[in-house]
1. May I ask for the net charge around Ile132, where only other residues with Cβ less than 15 Å from the Cβ of Ile132 are counted and Lys, Arg are +1 while Asp, Glu are -1?
2. Sort Asp169, Asp97, Asp134, Asp88 by heavy-atom solvent-accessible area, probe 1.4 angstrom, most to least.
3. Taking the Cα-to-Cβ direction at Leu26 and at Ala81 and moving 7 Å from each Cα, how far apart do the two end points lie in nm?
4. Points 7 angstrom from Cα along the Cβ direction at Val128 and Val71: gap in nanometres?
5. Once you charge only the Cβ atoms, +1 for Lys and Arg and -1 for Asp and Glu, what is the size of the charge dipole of the range 1-113 about its Cα centre, to the nearest 20 debye?
6. Name the longest site-free stretch of the chain, where the excluded sites are trypsin sites (Lys or Arg not before Pro) in a DSSP loop with no more than 13 other beta-carbon atoms within 10 Å.
7. Using a simple spin-label model with points 7 Å from Cα along the Cα→Cβ vector, what separation in nm is obtained for Leu162 and Asp97?
8. Considering the chain as a Gaussian network with a 10 Å cut-off on Cα pairs, which listed residue, Thr85, Thr36, Thr172, attains the greatest mean-square fluctuation?
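The values are calculated or read from the model by the stated rules, or taken from the named source; none is laboratory data. Bear in mind that the values here come from a model prediction, so they are computed numbers and not experimental data. Please note: Cβ atoms are built from the backbone with ideal geometry, for glycine as well, and neighbour counts cover all protein chains shown. Ligands, DNA and RNA are stripped out before the accessible areas are found, and what is left, the full protein with its side chains, is counted by its heavy atoms. Shrake-Rupley method; radii C 1.70, N 1.55, O 1.52, S 1.80 Å.
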Amino acid sequence: MAKKAVPLSQEFLKGLWTENAVLVSLLGLCPTLAVTNSAVNGLAMGLATTFVLLSSSIMISLLRNLIPHQVRIASYIVIIATFVTVADRFLAAFYPDISAALGPYVPLIVVNCLILGRQEAFSSKNKVGRSIIDGAGVGLGFIMVLFVLGSIRELLGSGSILSAQILGDWFTPWMIMILPPGAFLTLGLLIGLSNWINEMREQA
């Protein structure tokens with residue numbers, strides 16, 4: 001009996017919540033923790049990663065029947081590295097301040113297990129259209145988590161979001177929030193919140 005195809009809407013939505021790369025699969029945690037000391041940095045990293053994810057998904061899906069099985073991982077990495085270079089040079093040319101703030105974490109997208117995992121598990125086995133939908137959902141879910149994480153840390157660490165002052169002079173910034181321990185603490189709370197929401201939905 002033929003396996004029933006997953007609806008495209010479900011293919012997209014799974015990356016936003018039920019299979020969210022950060023909150024559920026715990027993938028891509030290195031840039032998630034390292035660059036989210038502000039909302040704009042989290043957004044920029046999320047967009048760069050999504051660009052690489054979508055572009056490599058399209059290319060690998062197109063070439064899936066041409067890439068020999070024995071060298072597929074090496075081939076995927078070469079393709080991913082090409083689009084990472086494009087993203088890195090684009091940021092350096094047009095957004096040098098953001099590029100400097102993200103530092104080496106843009107080039108390190110090459111070894112982000114989130115991207116390589118989607119290519120191996122999905123794009124190499126599905127047509128281009130479905131791979132685009134999958135990549136868009138996973139990428140958007142990644143952007144959302146990084147932006148929320150960065151916004152919380154920036155708000156509590158400096159009283160602003162996207163450099164717009166939200167909290168007044170009465171607020172004393174929690175400096176720990178823009179330091180590495182703040183990243184671990186905030187991400188842990190977000191993961192705990194998502195698990196609690198999932199449990200409530202299952203019991204409803």
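1. Working: positive: Lys14, Arg64, Arg118, Lys125, Lys127, Arg130; negative: Glu11, Asp134.
Around Ile132, the charge tally is +4.
2. Details: Asp169 160, Asp97 130, Asp134 0, Asp88 30 Å².
Correct descending sequence by accessible area is Asp169, Asp97, Asp88, Asp134.
3. Simple spin-label model gives 2.9 nm for this pair.
4. Simple spin-label model gives 2.3 nm for this pair.
5. On the way: 6 positive and 4 negative charges, 90 e Å.
Computed about the Cα centre, the dipole is about 440 debye.
6. Values: sites that count: Lys3, Lys4, Lys127.
Segment 5-126 is the longest.
7. Placing both labels 7 Å along Cα→Cβ, they lie 1.5 nm apart.
8. Taking springs between Cα atoms under 10 Å, the residue moving most is Thr172.
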